[in-house]
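This report refers to the structure that appears directly beneath it.
Every number here is computed from the coordinates shown, using simple stated rules; none is lab data. None of these values were measured; they are calculated from a predicted model. Cβ coordinates were reconstructed from backbone atoms using ideal geometry, including for glycine residues, and neighbour counts include every protein chain displayed.
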Amino acid sequence: MPPSSPFALLPRVDRVVAHDALSEARARLGAALVTRLARETIDAARRDLRAEDGGVCPTEDQVAAATACAAAAWLGLRARRVVNATGILLHTNLGRAPLAPAAVAALADTAGAYVSLELDLATGKRGRRGAFAERALAEMSGAQDALVVNNGAAAILLVASACFGGRDVIVSRGEVVEIGGGFRISEIIARSGARLVEVGSTNRTHASDYARALESCTAPAAILRVHQANFRQVGFVGRPSITELSDLARASGALLVDDQGSGARGDLADLGLAGEPLARAALDAGADAVTFSTDKLLGGPQGGVIVGRTSLVSLARRDPLARALRLGRLALVALEATLEGWLSRGESAIPVLSRARLGEAVQRSRALRWRTELEAAGIDCEIVATRGEMGGGSQPGEGIASAALRLASRAPHDLAARLRACDPAVLVRIEDGAILVDALAIAEAEERELVVALLAVLVGDRVG
Ligand SMILES: *Cc1c(COP(=O)(O)O)cnc(C)c1O
C-alpha cells in the first residue's frame, strides 16, 4: 500500500458537513458545531490509518454517519420528557414531582414575560422575592416565619451558616447520613463552619446522650435532628422525641432544628408512609426551625424551605449566603401556584398524591386497557399486582398498591433501552428478567404515548 494515498482519499470536511445524513444535526446544533464534529471524525480516521496495520479509508457516507452519531449523542444529553413507568412517584433522577396543572399554567403565563418578582405592585416599590410563598408556608405549618431557597440542601447549609455561628452542633450517630447525590450532613456542617458533635450510637440515641454533650460543649449552638430519608432502621432502635430534645436545648440555650426532608402536609399512613414527619407537629413540639424540600411530598418545583421562629428565619434571610442560595424565578412562580393549590384544594391539587391514591383497582383497569391494545397487535402480556413507591427520600415502607403490565422478553435490557430511545422516553423497571410497566406514576394524558411507544418497540421486537 503506497504510504500517502489513503490520506488523500479521506473525505473533505465541507462535503461531510453538507451531507444529507447531517441535515438534522445542522438544523439543531448549527453548522459551526457540526463542522467541528466532522473534523474530529476525520481526524480519528486519519489516526486509524496511521496505526501500524493501516486500515481502510472510510467513505464520505461513513464519515457522515459517524458524525451524525456524535451529534445525536450530544443532543441526547438534553433533558427530555419521560413517561415514568418505574412505579416510583418521586424519582429524583426524573426531576421528582411533576407540577400541578395550575403551576404549569402559571409558568406558561409568565415565563416568557416580566414578573413582579421583587416589586410590590400595590406600592410600586421594591418588594421581597417569594413573599407570597413564605407567607403561605408559614401559614400552612403554623410557623412565625418562612424562607424559601434553592433546595433542601441549601436550607440546611443556610441555617447552619447563619444560625450555628461556628459553634457546636449535636447530631445523633444514627442521623449523620448521606441523603443522595453525595450530600452528607457531616460535610454540610463542616462547610458551614460549625463543629459536628456526634452522640449516641447508630441504632439508639438517648436523651441522656444529648444532655451529656450539651454539658460538655463549651458553646453548644444547636441540636440538629435529621429525618432518616431513603432508609429505615428496624429492630432495636430509638431516639428521643422532639419535645424531649426541645426541653434539653432550651435549658442550655441551644436551638433545635429538625431537617424533615419530605415536606409532608398530612397523614399518609394509608400510603405506607406513617413515618413522614410534619413541620407543624415539630414546631408545636418545640423545634425552633424545620427544613424541607418543595419537590417531594409538597409536589412543587425544586426548592427548599426554612420555617420557624422569626429570630432564626430572619438571621438566615440576612445571611450573605441567602443571596447565593435564592430560588430562581421560574421555580418561584411554580411554587406559588402549587401553594395556592394546597391552600384552596389541599392534597387533591397535587398530582403525585392523587396518583398515589388512585388505588390498585383503578390502576389495574388502566393496565387492562393498555393490554387490550397490545393484544390487538398480537403482543402477549399479563397484568400483575405491584407495590410502587413514593420515593424522594420518604421512608421505604410496604409500598403503594398498584398494577403493571408484565412483558416477558429474552432481552429485557435491550427492550428497556429501546423504550428509553422513544420520544417521549419511556422508563420501565426490570424484575426477574421481565419488563414491568407500572401504572402508578403514569398520568392519564401520557397513556396514549405509552401505548404507542410499547407498540412501536414490541412490534419491532417480534419482526426483528
Ligand atoms: C431530600 C432531603 C434533603 C435534601 O433536599 P434536596 O431538596 O434534595 O436538596 C435533606 N434532608 C432530608 C432529610 C431529605 O429527605
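Given the Cα atoms of the range 329-450, and with Rh set as the inverse mean 1/r over their pairs in the Kirkwood sense, what is Rg to Rh to two decimals?
Reported Rg/Rh (Cα atoms, Kirkwood Rh): 1.02.
For the ranges 333-343, 262-272, what's the packing order if you count other beta-carbon atoms within 10 Å of each residue, average per peptide, and put the highest first?
Answer by packing, highest mean first, reads 333-343, 262-272.
If you wrap a convex hull around the C-alpha atoms of the range 71-210 and split its volume per residue, what is the figure in Å³?
Working: hull volume 32.4 nm³, N = 140.
In the range 71-210, the Cα hull volume divided by residue count equals 232 Å³.
Run the quick spin-label model on R39 and D14: label points 7 Å from Cα toward the beta carbon, then report their separation in nm to one decimal.
That separation, rounded to one decimal, is 1.5 nm.
Peptides 238-248, 291-301: what's the order by average Cβ count within 10 Å, highest mean first?
291-301, 238-248
Taking every pair of distinct Cα atoms and averaging 1/r, then inverting, what Kirkwood hydrodynamic radius in Å comes out for the range 100-349?
That comes to 18.6 Å for the range 100-349.
Rounded to the nearest 5, what % of the DSSP beta bridges within the range 100-349 are antiparallel ones?
Given both bridge residues lie in the range 100-349, the antiparallel proportion sits at roughly 45 percent.
For helix 447-463, what angle does its Cα long axis make with the longest principal axis of the chain, in degrees from 0 to 90 and rounded to 10?
Compared with the principal axis, the helix lies near 40 degrees.
Between S23 and A72, what length in nm is gained on full extension when 0.36 nm per residue of separation is reduced by their alpha carbon distance? Can you show the working numbers first?
Details: separation 49, 0.36 × 49 = 17.64 nm, distance 1.17 nm.
Computed gain between S23 and A72 is 16.5 nm.
Under the √(5λ) rule applied to the eigenvalues of the Cα gyration tensor, what semi-axes describe the equivalent ellipsoid of the range 6-75? Give them in Å, descending.
Values: eigenvalues 99, 25, 17 Å².
They are 22, 11, 9 Å, listed from largest to smallest.
For the range 322-334, just list the computed ³J(HN,Hα) in residue order, Karplus coefficients 6.51, -1.76 and 1.60, θ = phi - 60°, integers in Hz, with x standing in for Gly and Pro.
4, 5, 6, 9, 5, 7, x, 6, 5, 5, 5, 4, 5
Provide the gained length on full extension for the span D432 to E244, in nm with one decimal, where the gain is 0.36 nm per separating residue minus the Cα-Cα distance.
The span from D432 to E244 would gain 63.0 nm if fully extended.
So how strong a dipole does the chain carry about its Cα centre when Lys and Arg Cβ are +1 and Asp and Glu Cβ are -1, to the nearest 20 debye?
1020 debye
Put one equal scatterer on each alpha carbon of the chain, apply the Debye formula with no solvent term, and list log10 I(q)/I(0) at q = 0.07, 0.08, 0.12 1/Å to two decimals.
Ignoring solvent entirely, the Cα scatterers give -0.50, -0.63, -1.07.
Largest first and in whole Å, what are the equivalent-ellipsoid semi-axes of the range 150-289 based on the Cα gyration tensor, each being the root of 5 times an eigenvalue?
Rounded to whole Å, the semi-axes are 22, 18, 15.
May I ask what percent, to the nearest 5, of DSSP beta bridges between residues of the chain are antiparallel?
Given both bridge residues lie in the chain, the antiparallel proportion sits at roughly 55 percent.
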